[in-house]
Amino acid sequence: MDFIAGEILYFDKPLHWTSFTLVKRIRNGLSRKLNVKKLKVGHAGTLDPLATGVMILCTGKKTKLIESFQYQDKEYVATIRLGATTPSFDLETEIDHTFETSHITRELVEETLKKFVGAIEQVPPSFSACKVNGKRAYDLAREGKEVELQSKLLVIDEIELLSFDPQEITIRVVCSKGTYIRALARDIGQALNSGGHLIALRRTRIGEVRAENCMKVEDIDSLIEKIDTTVLGNIEIN
């Protein structure tokens with residue numbers, strides 16, 4: 001494998017790891033093994049620390065392919081707690097409001113989910129990497145400041161109800177670049193007149209890359225150890 005010319009790596013990001021942590025781990029490990037001061041490594045789509053699943057990493061000159069991966073459709077499996085909201089729309093923050101759920105039926109959920117298929121407008125979460133006057137929205141939100149973000153047009157190709165409970169549903173979502181599943185959880189909760197927030201998220205696919213075909217972070221050390229530096233010759237970084 002030639003990580004300078006460029007390689008594409010598929011990883012299953014574990015819970016609580018940030019996307020940057022995974023990139024840094026690969027970059028540092030490869031740089032030490034290849035004995036270079038810096039090596040380009042980037043990822044094709046952020047995953048929140050509380051999410052798991054497919055992350056595509058590109059090294060060297062193949063970082064130029066990152067944008068093409070970002071525009072591929074993505075598949076997620078998401079679990080939404082109904083009847084309660086949080087400011088971050090997930091488990092990062094505490095519940096701020098609770099709502100009645102006795103009116104929620106499987107039929108109501110299935111009919112409601114249909115409304116989100118196709119081109120929709122979505123307001124990103126305040127706790128997101130979107131920039132507001134040059135600052136990350138999540139930094140402002142964590143400081144307790146009001147954050148106003150503009151809605152964005154995106155496409156939901158499929159939503160399937162995988163499991164149902166009046167207080168908790170699990171859905172499979174196939175969507176376009178820029179979709180915030182946390183915001184989708186918020187919007188589904190609002191549409192059900194119950195509130196809702198995300199309690200589990202797994203990205204199961206990017207394009208044709210599926211989670212079951214990805215490496216685990218435990219494989220990083222063995223991957224790096226297998227690199228034969230004797231055949232690399234003189235390395236130049238552009």
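The values are calculated or read from the model by the stated rules, or taken from the named source; none is laboratory data. What you are looking at is a predicted structure, and each value in this text was computed from that prediction instead of being measured. Note that we place each Cβ from the backbone using ideal geometry, even for glycine, and neighbour counts take in every protein chain shown.
Summary table below
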quantity: Selection status of Thr93, closer than 25 Å to Lys145 by Cα, crowded, with 21+ Cβ neighbours inside 10 Å and under 21 Å from the mean Cα position of the chain (by Cα); calculated: no
quantity: Failed item in (1) under 16 Å from the mean Cα position of the chain (by Cα); (2) polar (S, T, N, Q); (3) over 12 Å from Ile206 (Cα atoms), with Gln70 passing the rest; calculated: (3)
quantity: Scope the range 96-122; condition crowded, with 17+ Cβ neighbours inside 10 Å and either more than 19 Å from Ile199 (Cα to Cα) or not assigned by TED's automatic domain parsing to the domain that holds Thr79 (or both); matching residues; calculated: Thr112, Phe116, Ile120, Gln122
quantity: Single unsatisfied condition, Ser19 versus (1) under 16 Å from Ile206 (Cα atoms); (2) exposed (fewer than 14 other Cβ atoms within 10 Å of the Cβ); calculated: (2)
quantity: Considering residues of the range 1-41 that are in a helix (DSSP H, G or I) and polar (S, T, N, Q) only, the residue farthest from Tyr76 (Cα to Cα); calculated: Ser31
quantity: Residue match in the range 108-116 (condition: of a type in the set (Asp, Glu) and closer than 30 Å to Val23 by Cα); calculated: no
quantity: Selection from the range 160-198 of residues that are in a strand (DSSP E or B) and over 18 Å from Ile104 (Cα atoms); calculated: Arg172, Val173, Val174, Cys175
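Per-residue answers, yes or no, for (1) at pLDDT 80 or above; (2) surrounded by 15 or more Cβ atoms within 10 Å (Cβ to Cβ):
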position	(1), (2)
Pro124	yes, yes
Asn133	no, no
Leu140	no, yes
Glu148	no, no
Ser151	yes, no
Ile156	yes, yes
Glu160	yes, no
